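Written out below as structure tokens is the structure these notes cover.
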Amino acid sequence: MPIPQLFVTKNNVFSLHGQLDPWTWTWRPTDLPKEATQAKAQEALRVLKNAANRRKLPVGVIGPRDATDDQLSTAQEIGARLADLGITMICGGKTGVMTAAAKGCFEQGGLTVGLIPDHEWQAANPYIALPIATGLSEARNMIIAKSCEVLIAIGGSYGTLTEIAYGLHFSKPVIGLCGATPVAGLQTADSASDAITLMADHLFARAQAS
């Protein structure tokens, strides 16, 4: 999807398609204000962060339970960066990359949602603010992929690979780093910062004209 050229004022985001409605995530036709300045996608997300009528679009962070130190630190950084931009984070709610990402997001004041495979919500890791007990075991991976606007895959495992595949099957942007299994359609990032930049670009690219 093409990434629109973005402009911001103090409280609003614009493109050549019009003004962004942060509740419906659509562009409403309008003239570009004279005071609007060109901005990157992350800057635009920060403008929207405190908007009263902003719908909290979810971004998924996926990765293995048995993760390396590099994968864990990267997951925690990505979680914190998502929170800084006001993005709701969805993950599988268990251990490894899921715990690290949730910790980074939660401690930065972000909203963490865990779609856990268990029947009881108490099985979620301690950084999940909204635990959802699916009782679906690994089948919940499909729900994670379907429910997110963008997926960020950190590392590789069979379970993570299924989430990547589901995401691509559902035409969701999937960004991979730190050893994510290379498959056709996966967009590779070199760092947590790079992954967040790509994620922000994809969110605005997915906004529709009203």
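The values are calculated or read from the model by the stated rules, or taken from the named source; none is laboratory data. Every value quoted in this text rests on a predicted model; they were computed, and no experiment measured them. Note: ideal-geometry Cβ built from the backbone for every residue, glycine included; neighbour counts use all protein chains shown. We work out accessible area using only protein heavy atoms, side chains counted, and drop any ligands, DNA or RNA first. Shrake-Rupley method; radii C 1.70, N 1.55, O 1.52, S 1.80 Å.
At-a-glance table
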read-out: Scan of segment 128-140 for residues that are hydroxyl-bearing (Ser, Thr, Tyr) and open to solvent by 50 Å² or more (accessible area, probe 1.4 Å), ordered by number; value: Ser137
read-out: Any hit, segment 88-109, residues being in a loop (DSSP other than H, G, I, E, B), under 14 Å from the mean Cα position of the chain (by Cα), surrounded by fewer than 24 Cβ atoms within 10 Å (Cβ to Cβ) and on the phi > 0 side of the Ramachandran plot; value: no
read-out: Any pair with Cβ under 7 angstrom, 6 or more apart, that starts in segment 6-31 at a residue that is without any contact (Cβ under 8 Å) to a residue 24 or more places away in the chain and ends at one that is of a type in the set (Ser, Thr, Tyr) and open to solvent by 10 Å² or more (accessible area, probe 1.4 Å); value: Gln19/Thr30
read-out: Residues satisfying the stated conditions in segment 18-42, i.e. assigned to a loop (DSSP other than H, G, I, E, B) and either of a type in the set (Asp, Glu) or over 20 Å from the mean Cα position of the chain (by Cα) (or both); value: Pro29, Thr30, Asp31, Leu32, Pro33, Lys34, Glu35, Ala36
read-out: Residue within segment 53-70 that is within 17 Å of Ile196 (Cβ to Cβ) and modelled with pLDDT under 95 present; value: yes
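The rows are residues; the columns are (1) hydrophobic (A, V, I, L, M, F, W, C); (2) farther than 15 Å from Thr112 by Cα; (3) at pLDDT below 95; (4) part of a helix (DSSP H, G or I).
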| residue | (1), (2), (3), (4) |
| --- | --- |
| Gly135 | no, yes, no, no |
| Glu138 | no, yes, yes, yes |
| Met142 | yes, yes, no, yes |
| Lys146 | no, yes, no, yes |
| Leu151 | yes, no, no, no |
| Gly156 | no, yes, yes, no |
| Gly159 | no, yes, yes, yes |
| Ala165 | yes, yes, no, yes |
